[in-house]
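The block underneath contains the structure these notes are about, expressed in structure tokens.
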Amino acid sequence: MNGRDELRELWCSQPYAGVAKGEELVKLVAKRTQHFDRAILVRNMLECTAAVVVAALLTQLAVRAHGLQRAGFIVIAASAVWIVYYLLRYGRGPANADPDQDLNAFKRALLERYDRQIRLLKSVKYWYLLPPYIGLLIESAGKLLNDAKVGQLPWRDFLLPLFYTAFFAFGWWLNEVHAVARLRTERSRLLSLADGPNDSDA
Amino acid sequence: MPAEAITQPAREQVKDANRHDTFLRLIAQYDPALRRLAAGYVWHGADREDLFQEIAVGLWQAIPKFRGDASERTWLYRIAHNIAISSSTRLHHRARREKTMPDAFDRASGGPDSEQELLRNEKRELLLEAIRGLRAVDRQVVLLHLEGLDYSEIEEVSGLSQSAIATRLSRLRYKLRKLMQSRETREL
């Protein structure tokens, strides 16, 4: 037996536990596909509903408020609608790269997907965090001015903007630092798997 | 048009039935090969099963798009390898360090009952380990070759020219043998 045949024979002699029953696998595959589709649908519906609810509530508050506070509420309400519009318009790419292509083309498609997700996360501060944050700051400034007019300056007026800032800073860190780092790790793992001199990743 | 309205659901049903039958046929035909392929990409038994299922999902989704431009076999291997590559980057957390004990996947045939069988199992493990240490493109070429695809079929799957495949394979066969030998010696 020559070396090549021995390798092939060794390879093909791998034992494995039970062949999957076709019908069971069909059910499993259908379940996984449906679960994924349903998860996407539920997420989109939740985001839209949350945006509508937030926009409606804040619009109501804006009607009752005056001056800067009203402007703040309007900015937050508009932000909620804007975020969902942005997510639906730009945030959703193809879920997966089409695997029916050669290795190089597939690798390029995967890398593009990673780059797109990283770009989206890195821009989160502009389209996701900043609009409502600015709205909240305007609203807080309006409240502070209103309270100052009537001679009251409760500590809440100073503390709330600090809380908002910490909250949005955490959101920024979660997206732009933590999530981007995770994606970059996966991206470089893909690169090393595909291009590395002697990768042994998986 | 009323006629179309009536035939549309029927057409969908036929399409679904075709997809279902094609899927069952492919799985029945390629189940062992797809499981071997999974073993060439991930160490852990549970990961292999996950990967096998991901490949099955990928095939299920790809069947309606299959136009017959390539042979069914090369089309299937192309999808399976690509899914294996993208999934193995995510399945990395259950890393190769966890592989230590051979799992049910490896022992299912009843286990080694002779010294020869034991030796064979060890050699197979060494081969798997050596294959998993290759770059993705090399791994793909070797796995396809070990599955019995000829150069033109490997060309269809990988996009490499036949001469590049021939050169690569001769280098890789040598490299695999060397790797196996060196690991065998190290283990002794």
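Read-outs: derived from the displayed coordinates by stated rules, not from any lab. No experiment lies behind these values; they were computed from the predicted model shown. All Cβ positions, even for glycine, are placed from backbone atoms using ideal geometry, and neighbour counts span all protein chains on display.
A few remarks follow.
- Gyration tensor verdict on chain A (Cα atoms; rounded if a/c is under 1.5, prolate if a/b is larger than b/c, oblate otherwise): prolate
- For segment B:114-188, a crude dipole built from +1 on the beta carbon of Lys and Arg and -1 on the beta carbon of Asp and Glu, taken about the Cα centre, is about 440 debye to the nearest 20.
- Folded to 0 to 90 degrees: helix A:103-122 orientation relative to chain A principal axis, Cα: 20 degrees
- With Cα atoms defining each centre, segment B:32-52 and segment A:125-196 are spaced 42 Å apart in the structure.
- B:Ser170-A:Ala30 FRET efficiency (beta carbon distance; Förster radius 35 Å; 0.05 resolution): 0.20
- Note on A:His66, B:His145: ascending count of other Cβ atoms within 10 Å places them as A:His66, B:His145, the fewest first.
- Whole-Hz ³J(HN,Hα) from phi, Karplus 6.51 cos²θ - 1.76 cosθ + 1.60, for segment A:151-166, glycine and proline x: x, 10, 9, x, 4, 4, 4, 9, 6, 4, x, 5, 4, 4, 4, 5
- Listed from fewest to most Cβ neighbours within 10 Å, the set B:Ser163, A:Ser192, B:Ser158, B:Ser71 follows the order B:Ser163, B:Ser71, A:Ser192, B:Ser158.
- Electrostatic tally near A:Val150: other residues with Cβ closer than 13 Å to its Cβ, Lys and Arg +1, Asp and Glu -1, net 0.
- Computed magnitude of the charge dipole of chain A (debye, nearest 20; Cβ of K, R +1, Cβ of D, E -1): 820 debye
- Formal net charge of residues neighbouring A:Asp37 (Cβ-Cβ distance under 12 Å; K, R +1; D, E -1): +4
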